[in-house]
Structures are given as structure tokens and as C-alpha cells.
Amino acid sequence: MTPDSKERYGTVSKWFHWLMGGLIIWQFLKLGDRISEGEHWIGQTLVPWHVSIGALLMVLIVLRIFWASSQLKQRPLHDPATAFVVKAGHLALYVGMLLLPITGLLTMIGNGYGLKVFGVQLVAKGPEIDWVAALGSAHSPLAWIMVFLVIGHIGMALLHHFVKRDDVLRRML
């Protein structure tokens, strides 16, 4: 496994990026569950995993934050002209990746559903807790913000690759 370097991201950073990216896209399929009240293949096969994948993402984002913090000095540098915007965009993505599972957890517990992750009951069903549910209600708006952030992230990576023809995307491949 290679660490990050000034030229490209290392093996662990790439694994975190692509694994979490795939799982986040999977999570976005929950938005499609609203179509026909989930009576389609997305709603019946992928969406039931939403809570479990969200819990996994919460663990992964914490690990990723620790990993990224340990690699800050080695990571590829950003163009000074756009470094502030790039760092702000990445910070927004990290905040979203952290807040979404937290607010999802608050939604589950606040509405009395409990928490079952990969078949294991971690928090028992219980009474509704209004203030916890109220905090959890930020989950859906945050999800929509995250959709736009991810689309922007993908769009910028493709812009760098196909228009600017620089190595920004290749550093993460």
C-alpha cells in the first residue's frame, strides 16, 4: 500500500474515496424510493439496506478523517488560484458525509424506530423523542445538498480531465 504523495493519492486514500463514493451513490437511490412509494426494484432491493449502509458510512467517514489528517503534509497540492474553493468544496463534502449518518441516526431514534444495522438491533424501538426527531429532520435537506455537492465534485473532476486535460482526476485513479 502506497501512502499519499505530492503527485498522487495513495492506496488507502483511493480505497476510501471510491468505496465511499459507491456507497454514497447507493444511498442516493433512496431518493428514488419516493417514486411509486417504493414499489419498484430500487425500493424493494437496494433501499432496505439504507440504514445499514449509512451506519457503515459513519464508521468509514470517521476512519477517513483520521487517515486524511495523517496524510495532509504528503497530499497533492492544489492550484493556488483555486485552492480555497477546492478546500471549501471538500470540507463541505466531509461535513455532509459526517452529518448525514448522524441525522439519519437521530431520525431513527427520535421517531422511535430504534436502530437495526446489518440485522443486529443496536438501539431498541422506543418512544418518540420530539427534539431528537426535530434534529433528525435535517437529514432529507442535507441529502439534497449532498446530491448537488457530489454532482459538482464529479463535474469538476470531469472538467479537469476532459477540458483542462490535467492530472487532477488521474491522481485519484
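Each value in this text was obtained by applying a stated rule to the coordinates, not by laboratory testing. Just so we're clear, the structure is a prediction, and the values are computed from it rather than from any experiment. Here the Cβ is made from the backbone with ideal geometry for all residues, glycine too, and neighbour counts use every protein chain on show.
Figures for the structure shown
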| quantity | calculated |
| --- | --- |
| Fluctuation leader among Trp131, Trp49, Trp26 - the chain, Gaussian network, Cα springs under 10 angstrom | Trp131 |
| Mean separation of Cα contacts under 8 Å (6+ apart) over length of the chain, as relative contact order % | 21 percent |
| J(HN,Hα) series, the stretch 72-88, from Karplus relation 6.51 cos²θ - 1.76 cosθ + 1.60, nearest Hz, glycine and proline x | 3, 6, 8, 5, x, 7, 9, 4, x, 5, 10, 4, 4, 5, 4, 5, 5 |
| Cut-off under 5 Å, modelled amide H: who pairs with Leu122 long-range | Leu115, Lys116, Val117 |
| Neighbour net charge for Leu46 - beta-carbon separation under 10 angstrom, K R +1, D E -1 | 0 |
| Rounded D (µm²/s) - the stretch 1-158, Kirkwood Rh over Cα pairs, Stokes-Einstein at 25 °C, 0.890 mPa s | 143 µm²/s |
| Ile151/Asp130 FRET efficiency (R0 45 Å; Cβ-Cβ; nearest 0.05) | 0.85 |
| Label-point separation in nm, Val163 to Trp67, each point 7 Å along Cα→Cβ | 3.0 nm |
| Subset of Lys73/Lys116; Lys30/Lys73; Lys6/Lys164; Lys30/Lys116; Lys87/Lys125; Lys14/Lys125 violating a 29 Å alpha-carbon distance limit | Lys73/Lys116; Lys30/Lys73; Lys87/Lys125; Lys14/Lys125 |
| Net +/- balance of residues flanking Met172 in space, Cβ distance below 9 Å, scoring K and R +1, D and E -1 | +4 |
